[in-house]
Each structure stands twice: as C-alpha cells, then as structure tokens.
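Just below is one structure, and these are the notes that go with it.
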Amino acid sequence: MTPLLFAVACAPKVDETALVATGTPGASDAAVLATVSEDYSVGALATVDLETWAVADTLTDISGDPAVVVSGGYVFQLDRFGYDTVRVYTPGAFSEPIAEFALEDLANPHDVVVCDGLAFLSAYGGAELAVHDPRTGHREGGVDLSAFDDGDGSPEPSRLVLAPNGKVYAGLHQFDQGKGWVATGGTIVEVDCATRAVTNSWAAPTPDVYDNPGAPSNVLVHSASTGFYLLDTDSGALSDLLLADATIGASVDGVAAWGDGAVVTTFDDAYGYAVGCVDLTAWTYAEAERSPNYLTGIAANDRGEVWIGARTHWATPGAPNGALVYDGASCEARTDAPITTLLAPFSVAFY
Amino acid sequence: MVCLAAAAPARAQTAPETVIVEADNPDATAPMATSSSVTVIEVDERLPASSDVASVVASAPGTTVQRLGGLGDWAAVSIRGSTLRQVLVALDGVPLNPDGADSVNLSELPLWAFERVEIFRGNAPPELAASPIGGVVNLRTGSGKRGVGAGISYGSLRTARVTAFANVPGAVGRVPVDGLLLAEAFGTRGDFTYFADNGTEYNLLDDGFAARQNNDKRQLSVHARARVGPRSQRLSLMEAVLARDEGLPGHANNPAATASLTTIRSLTSGSFAWGRGNASGELTGWGLLRDERLDDRAGELGVGAQQTFDRTTSLGATTQARLATPSASPAITLSARRDQYRSTDVASGVAADPSGRVALTPSVSADLRYRTLITVSPVLSALILTHDGALAASAGPLVAFTPRAGALVRPVPQLALKANVGRYLRPPDFSELFGDRGAIIGNPELTPEHGLQWDVGARAISPPEWTIQGSFELGYFQNAVTDLIVYVQNSQRTMVPLNLEDAWIDGVEGALSVQASWFESLTNLTRTRSINLSPEPQYANNQLPRIPTWDLFQSTALLAGDGARVGHTFTYSDGNTWDRTNWYHAAPRAYHSVFVRVHPAARWPSAELEVLNLTDRITEVVPRNPLDPSDDALIVQPITDFVGYPLPGRTVMLTVRWQTEPPK
C-alpha cells in the first residue's frame, strides 16, 4: 500500500466564532462558510444572508481543508493541513483577497485573531504563534511557544481567544506526533500582543478555548479528556472542572457560547452526532436532538444564532447537507432542514 | 509496435491473422484471432530506449497513464475510464494486484525483461482467472530476446539504466532447455525543475522554479526463467525480484526531505504445460511477496511520524484444461489464491492482526466456431471470496458471477468483426472491509464494484502481398459501473468506505498502423465520455477526474535499413478535470519526443539519443478562479496528473546497446 496517496486531512479542526470573538460591536449581516466537497479535495467560500438566508455558495475556490475566521474587520480563510496558506478578505468582497501568504511547510494553521492590528496565527505544526500584517501578509515575527514543546517540535497550538484584557489566550494540545498523536498533557497560554511573550500559563488536558460573550473575561475552556472549565482572565484563575464530559455522556466536538448558555456538538463511540446545550451558570447539559449528519463547524453570531455545519454521515449518506441554525438562548432549532449549499459547510463565521 | 505493424511482408506468410508474434510464440495473443479488444505491443527495437512499461501502455488506445513524476516515478494506468485499481496487472498471467488490492506502480516493472505487453480493454482471457472492470495489462516474458546483450543509458537528472541479459537455448540430451536471465539497474536523482506557486494563486511574488527534492530512485530488477522440455510437456520456473529504494518527495508545496520507501518484491512461479492430441493443459503455481518499509520519522508526509513495515503475500495456483476440435474448444479453469496483509509499526513494534482472504475462481469457457467465419466465446466464471483473521466474522463469503461472451466474425481473412459483453467486478479490499489502524474505519457491508461492459469493433489488416503493410481498428465501448466505493469522512480523523456512486463511460477507439521498409507510423485516437452518476449534486453528471475526452498518440519513424532509425512521438490530450466537482481543469497538453538511433552493423553496438518532452513543457495557464466567470485573470501552474506532483520537463537520454544477435 503506497502510503503517500493516502495522506488524509486528519488534523483536529478549529471551529471559529465570530465578531463576538473580537469584541467588534454591531449586528452581523452574513455568514461566511468554508464549504468542502464530499471527498475533501476542493472547497468553496459561500455566504448566507442572515436576513433572508439567501445563499451564494460558489464565490471562490478554496482548499479541501479550510477554515474561516472573522477578526479585526477581516475575513481570514485558512487552508490547513498540507496547504498552509492564508487569504485575507475584506468582508463581502470575495472576488480577490487583499493579501495571501504561505506559512511554513506543514504549518497547518488552525486559528487567527487580530490583536493590536496584527494577525496572530496558531499553526498546529509549529512552535509559535506566527504574526502577520493582515493588510499585506508580511510576517511581523512570532510568539515563541517552544518552551511548551512536548518533544515533537510542536505544542500543537489550536484555538485562540482575544480577551477584554487585550491578551490572546491559546490552547496548546501537546500531542506527541511521534507516538501516534498521544496526548501528553495540554496547556493554556496567555500572550501579550505587544511584547509577543507568554505571560502566564495553565495546565489543562488538551484544551480548547472559546469566547464567552455572557462573561467575556471568563474564557470558556473545554478539555477533550475531562470537560468544561472557566479561565478568569482578570484574576488568572482556572476553575475546577465544572461539567464533565462523562456527565454529558459523549465527546464534545464543538462549542459556541451565547449569553448564559452554549450550544455544543457531540459524538458518541459510534460517531453518532447530536446537538446539546450547556447551562453555563448551573453547569448542566441537555441534549437537544440527534443528528443524521456529521457535524462540523459551529459558531455563534451577535444575533444570538448558532450555526452548525452538517455533512454526509456514513450511516445516513442520504441525509441533506447544509447549515443548521439554533437559537443560542433557548437551544431550539430554527431550521427544519439544513440551509443547503452545493458543498457542505465545514467552518462558519460571521461579518 | 502493435503486433500487426510488426508483420513485415516477407514474414507474414499466407495466414494474415497469424501475425508474426504468433508464429514465433504460440502462446501469444493475436488480435485478429480473438474477440477481445486487445493491443499487443512488442518490446523491440521499434521502441525508444528510455521506454518503460508506463509509456508503452500509454501508447495503446483506451489507456490513460497517470504519473507522479518522470522516469522511475510512480505511474499507473486507467483503461476505458476505469479507476487505477480496476486494472489488473499481471506478470506472465500471475496477478500483481489480485482483485484490485492496489494499483500497480508500472515503474517497478523492467520493460526490457518482457517480449510483449498485452493490454486487454475488457473480456480478458479466462486463463487469467480474473474479471477486472478496467481490463488487464499482461506482461509476457515469451521466448525473450535470444543471445546475450547489454545496454546502458544515461541522461538528465543523473538518470541511468543498465541492462544485461542472456537467453541461451540448448538441450540436455534430446530435451530442449532454455534459460533466460535479465538484470536491470535503474537510478535517478529525479531532481527536475518545476514551477511552484507556493500554494498562493493570488500572490505572484512568491512564485518561482524549484528543484524536486528527495525524489531519487534506485531499483534493481532480476528476471530469471528456465524452461525444460518441448511445448507438449514443458516445465517452466520463473523468479522475478525487485528491490527498490526511493525518496518520497511529498506534495510540492510541502516537500519532504527525508521520507523514504523501500520495496522488496519477489514473484516465484512454476508451471507445467502439457499437450496430447487435441487436449492440452497447464498447471501454474506462484508465490508473491511484497514488503514495504516506509520511513517518515520526521513526519514530513503530514500524518505524523511514521515508520511502518507492510507485508503482502499471495499464494496461488491455476489449472486449465483445454480440448481443441474444429468446431469447439472448451476449457475449464480453476484458480485458487490466498492473500495476506500485515502492517507493523516499526517504532513501537506493534503488529496489526493479519488480514487474509481466500479466493476461488472457477470458470468454464469455450470457443465455438462455425467454419472459419464465426467464433463465439462464452465464459462463465465466478469469484468466491472468504476472509479470515481477527475480523473474519464480520464479513461473510462473497460469491459473485462474472459471465461474459465474445464473438468474432471473419468474413474475409483481412477483416475481423468483434463484439463482447460481460460483467466485471472489483471486490472491496482489506482496508475497505476491515479498516486500518488509523484513518479508515472498515465497512464489512461493502459490496463489490460492478461493471457491465460491452463493445463492438472491427479490425482490418492489409493483404500480405502488399508492399506497405498496415492495420486499422475501430471500436465502440460502453461501461456502466455501479457501487463504486467512495470514502466518506466521518470525523476529523476517520473515514468510512461506502458503495455510493455509479459511473457511465463510453467511447470510441481507433488505431491505424502503417509500415513500409523505410517508414512506420502508428496512430491511436480515443474519445471517452465519462459521466459521474453520483447522487451528490456537486458531482452529478460530471466528467470523471483525470479521464480526458480526447487522447491522441502518434508515433512516426523513418528507417535507413537496419542502420538508422529516427523516431518522433506526439501525444495530446484535450485536458481533463482534476476533481470530481470538475472545477479544476488541466489545460490541453501536447508532448513531443524524438530519438535518433544508429546501428552501423549487426554485431556493433547501437547508439541512441533521445529527448523526452522536447519543448520542455512544465507549466500551463488556467483560470485563476474557476468559480467566478467575471474573473478573467489567468495563472500559471505546474503540469501535473495529481495536484502537488509536478511532471518533469525536457529529459535527454543517451543509450548504447549491444547484443549478439541483431534485433528482429
């Protein structure tokens, strides 16, 4: 079996939140979706008008492993595993990016956040947060994370959050790539954008950090092996485990917080997916509904909507693909059927 | 090169359908004598010295060869729009990828060890005990070149090939004996120049040319065969060994510096052929061993550090008994085979449970003749497949019938009308059924990919008394493929194979060969219409990827007796799509290659200078954003068969060859 032809996009994904992640005020006009073909060979940017849900689903071609992030007034389109490029668009103007640049080979960009006018990029294959000027794409340095390297050359930085205190919080997964991607711990680091230095860190197993619009200074943390935590960015305190995945009864795959709650996507041991709701004050969980789809990107907008990408699932290959919309406060579905795009969504953000 | 073209006037004799290859080699396939759509290409002096199996196969109508690079790099073939795995590649009838277990890298096969290459575009002969959807490429050792010879080639990218052979017929007492030994060493740095846009179509500032790194290949092939006895009672033993060590360059945008793959393959076979009166038969047994060591400890290929050792074995036997009468030639064939695959993580020393299967293929066939006018050849065959190992319980036995039939009508000796219809299949393989240890989750519910194919055609040859010899062939085919196995990603790290798609392929194939004492020409033109019948709107009714609509091959040679030959090859394809959405189109591409060979005297060495890709085409211009019709900007991209794996530019090779007997 010649292996090189079977290299698949298998790195963990990133689900981006929207303007809430950057603190930018104002109502969003549209969802921008990175959609991907069923065989993950090609992708396209799509937009959905948030008033009419009118779809424009083939705006421009992108890679087969993309993500979209809105931050700092830009739409970032990341081409991840094996592509390692970034396009920067003016929201709504997708005919041509204002900048496009390549990262290091096998960088595998996961997330980006604009801080002090510069884009801080997490690259899963690197040992830094790369810093680029989003207007030109020029590299402006980086944040050294090699102190958190678990021995394989990368601490696997993934999701980023810009907190109200002006600092960037990054979840470092710390897998050992040399031993079959086994988890070796996990760390959350706090980065000062001006000095580009790590100013604090907390141990947390395989952490993902999420915006928490209901309490922006409390970064929502989910650990793949344990459950939910809160990181108080003012005091620097990481809470004890607040809600265990064992209580949820499934693995949490994506999180989008809104108000006092969060909509989450989960999957069980048989890769059956579901949408559920976490009460961020009582720290309880309620499953909203099972899904016949493979659920991918999830994000909340400032209208209180949570959008979820729904793709073909092996058990129900005939289930319609598209974007599912839930009410962030009530956790009720606003769509009877997915908002259909030619290629199924993989990542979603709002502008 | 097509065997009819080989029929020099002085040698064609009186039976036009009995072409020269048949006269020299009674077991050869004669296109005029079979209903099958088959192209037989002799490996002889008509081919340029740098030819490999891939280039030879690509010269046949209906074939599309896809490469990951240049000489020595991975190459595989699609026939009539099939997937690569739907084509069976066999070495003297022994399958190298039984039941489509993998696609065969044609660059691993030493072309000059074989006497001819037979390309069946459907309705393969029953003695192969296989019913592949895409057809069969059967490499035949035949009688081999007689005598002793050697050749050395050297050229661009430090590409070198050294070949030596000895084929000595003799006798022990009154028993004829012959031995054939061929050894071929091949090596290349493979560091050709390619255009790199760094993966940023909109950013032209980082575009440039780069050298393909870590693309070196070293390969040693040894092909040995001994035969004892006359054809009526002959024992043959064969050993074909390959040792190959290669760098894996990876995707051009993420080139790998140290990843490597080492392959050892050994094929051992023994056969006994007998004939008595009008009865004959053959019993063949074989063992195939293939070891692959992948070393990507640096994780350059992108799925983390890997160091694996994979072993695939296949043990099999085929027996056939035939009866030849004037009106009917019935035959019974029975083939049994056991395949096993095991993967070991070298770093941890953990070996996966071996996967195994046993395949039984019985078939009954006959050639039913009405005088010399009509021959009807029905074949009723079946495949019985059982799996063993740790996951055996989850997959029951597979029983599938693959009946087919062919008809050959010879209204006049110079004309053959052909028709074939049949049902073909590719069963799911180990990974598809049981998964691997990582990305693929097995699906024991998978059913085989099926193909229902029919074709009609005509083949005409010139009368033997003509000064200029030639042949013309025209055919039409349809192939309806159902239950194609498609991988569906089910989470970030896992995907599941499903029987999801159907496809429709039809086309027209034409071939014209002309041969005179001073001139040779071969033209193949194929038009293929392929339609993806996927229920997915993104793929529905699209053209199948990498299957061009038009494909042209033109080979022309001027000869000055046996002393000199000047050849030119032109290939053209009208562009195809890279992906199932049909968003990305490769531009039409045309390649010219030339060679000049001088051979002063029969016992002198010949010298040949060859230039591949004469015009040094390595880039093409395509729309920047195929989804936006208002964007009329164009971009430059490297020419590739697979995105990320550029193809090389001009390649110059110089070859000196010598042998004790002059070429045929």
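The values are calculated or read from the model by the stated rules, or taken from the named source; none is laboratory data. Computed from a predicted structure; not experimentally measured. Note that each Cβ is placed from the backbone with ideal geometry, even for glycine, and that neighbours are counted across all protein chains shown.
Annotations for the structure displayed:
- Pairs with Cβ under 9 Å, 6+ apart, first in segment B:85-105 and away from chain A (no Cβ under 13 Å) and over 13 Å from B:ARG265 (Cα atoms), second β-branched (Val, Ile, Thr) and outside any strand (DSSP E or B): B:GLN86/B:ILE133; B:VAL87/B:VAL104; B:VAL87/B:ILE133; B:LEU88/B:VAL104; B:VAL89/B:VAL53; B:VAL89/B:VAL104; B:ASP92/B:THR141
- When the residues of segment B:55-65 are filtered to those that are in contact with a helix residue (DSSP H, G or I) (Cβ under 9 Å, 6 or more places away or on another chain) and crowded, with 24+ Cβ neighbours inside 10 Å, the one that is nearest to B:ARG650 (Cα to Cα) is B:VAL56.
- Segment B:254-301, residues that are of a type outside the set (A, V, I, L, M, F, W, C), closer than 18 Å to B:GLU127 by Cα and surrounded by 19 or more Cβ atoms within 10 Å (Cβ to Cβ): B:SER269, B:SER271, B:GLU282, B:THR284
- Residue among B:VAL643, B:VAL656 that is among the β-branched types (Val, Ile, Thr), in contact (Cβ under 8 Å) with a residue 60 or more places away in the chain and under 19 Å from B:TRP112 (Cα atoms): B:VAL656
For (1) part of a strand (DSSP E or B); (2) over 16 Å from the mean Cα position of the chain (by Cα), each residue gets a yes or a no:
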residue	(1), (2)
A:ASP302	no, yes
A:TRP307	yes, no
A:ALA310	yes, no
A:PRO320	no, yes
A:VAL325	yes, yes
A:THR335	no, yes
A:THR341	no, yes
A:VAL348	yes, no
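- So B:ASP483, is it at pLDDT below 95 and in a strand (DSSP E or B): yes
- Any hit, segment B:135-142, residues being assigned to a strand (DSSP E or B), touching a residue at least 24 places away in the same chain (Cβ under 8 Å) and surrounded by fewer than 24 Cβ atoms within 10 Å (Cβ to Cβ): yes
- Residue within segment B:176-186 that is more than 29 Å from the chain's Cα centre (by Cα) and either at pLDDT below 95 or not basic (Lys, Arg) (or both) present: yes
- Applying the set (1) within 13 Å of chain B (Cβ to nearest Cβ); (2) surrounded by fewer than 17 Cβ atoms within 10 Å (Cβ to Cβ) to A:GLY322 leaves exactly one unmet item: (2).
- Criterion violated by A:GLY64 - all others in (1) closer than 24 Å to B:HIS251 by Cα; (2) assigned to a strand (DSSP E or B); (3) small (Gly, Ala, Ser) satisfied: (2)
- Scanning segment A:160-184 for residues that are more than 14 Å from every other protein chain (Cβ to nearest Cβ) and of a type in the set (D, E, K, R) yields one hit, A:LYS167.
- Selection of strands (runs of 3 or more DSSP E) fully inside segment B:25-97 by the criterion of at least 3 residues being closer than 22 Å to B:GLY406 by Cα returns B:38-42, B:87-91.
Per-residue answers, yes or no, for (1) under 20 Å from B:LEU474 (Cα atoms); (2) in contact with a Ser or Thr (Cβ under 8 Å, 6 or more places away or on another chain):
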| position | (1), (2) |
| --- | --- |
| B:LEU533 | no, no |
| B:TYR539 | no, yes |
| B:ARG546 | no, yes |
| B:THR549 | yes, yes |
| B:GLN554 | yes, yes |
| B:GLY563 | no, no |
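- Residue selected from segment B:585-635 under the condition farther than 21 Å from A:ASP61 by Cβ and among the basic types (Lys, Arg), by the criterion farthest from the other protein chains (Cβ to nearest Cβ): B:ARG603
Matching residues to (1) touching a strand residue (DSSP E or B) at 6+ places or on another chain (Cβ under 8 Å); (2) more than 11 Å from chain B (Cβ to nearest Cβ); (3) closer than 30 Å to B:ASN532 by Cα:
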residue	(1), (2), (3)
A:SER37	yes, no, yes
A:ALA44	yes, no, yes
A:THR52	no, yes, no
A:ASP84	yes, no, no
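- Hey, A:THR35 modelled with pLDDT of 50 or more, assigned to a strand (DSSP E or B) and of a type outside the set (D, E, K, R) or not: yes
Each row is one residue, and each column tells you yes or no for (1) among the basic types (Lys, Arg); (2) more than 11 Å from every other protein chain (Cβ to nearest Cβ); (3) closer than 30 Å to B:GLU610 by Cα; (4) not in a loop (DSSP other than H, G, I, E, B).
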residue	(1), (2), (3), (4)
B:PRO537	no, no, no, no
B:LEU544	no, yes, no, no
B:ASP551	no, yes, yes, yes
B:LEU559	no, yes, yes, yes
B:ARG565	yes, yes, yes, yes
B:THR571	no, yes, yes, yes
B:GLY575	no, yes, yes, no
B:TRP583	no, no, no, no
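- Hits in segment B:511-544 (condition: touching a Phe, Trp or Tyr at 6+ places or on another chain (Cβ under 6 Å) and not hydrophobic (A, V, I, L, M, F, W, C)): B:ASN524, B:ARG527, B:ASN532
- Here the strands (runs of 3 or more DSSP E) wholly within segment B:195-282 that include at least 1 residues being among the hydroxyl-bearing types (Ser, Thr, Tyr) and more than 10 Å from every other protein chain (Cβ to nearest Cβ) are B:217-228, B:233-247, B:260-276.
- Scan of segment A:289-310 for residues that are free of Cβ contacts under 8 Å to residues at least 60 places away in the same chain and either more than 12 Å from A:ALA262 (Cβ to Cβ) or of a type in the set (Lys, Arg) (or both), ordered by number: A:GLU289, A:ARG290, A:SER291, A:PRO292, A:ASN293, A:TYR294, A:LEU295, A:GLY304, A:ILE308, A:ALA310
- Listed conditions (1) within 14 Å of chain B (Cβ to nearest Cβ); (2) in contact with a Lys or Arg (Cβ under 9 Å, 6 or more places away or on another chain); (3) surrounded by fewer than 21 Cβ atoms within 10 Å (Cβ to Cβ) are all met by A:THR58, apart from (2).
- Scope segment B:582-620; condition closer than 19 Å to B:TRP550 by Cα and aliphatic (A, V, I, L, M); matching residues: B:ALA586, B:ALA587, B:ALA590
- Note on segment B:174-194: among residues that are outside any strand (DSSP E or B) and in contact with an Asp or Glu (Cβ under 8 Å, 6 or more places away or on another chain), the one that is farthest from B:PHE114 (Cα to Cα) is B:ASP191.
Results for (1) outside any loop (DSSP other than H, G, I, E, B); (2) more than 22 Å from the chain's Cα centre (by Cα), shown as yes or no for each residue.
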residue: A:THR136; (1), (2): no, yes
residue: A:ASP150; (1), (2): no, yes
residue: A:PRO164; (1), (2): no, no
residue: A:GLY171; (1), (2): yes, no
residue: A:SER201; (1), (2): yes, no
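- Selection from segment B:84-117 of residues that are among the charged types (D, E, K, R) and under 21 Å from B:ARG546 (Cα atoms): B:ARG85, B:ASP102
- Hits in segment B:454-485 (condition: closer than 30 Å to A:ASP39 by Cβ and of a type in the set (S, T, N, Q)): B:GLN478, B:ASN479, B:THR482
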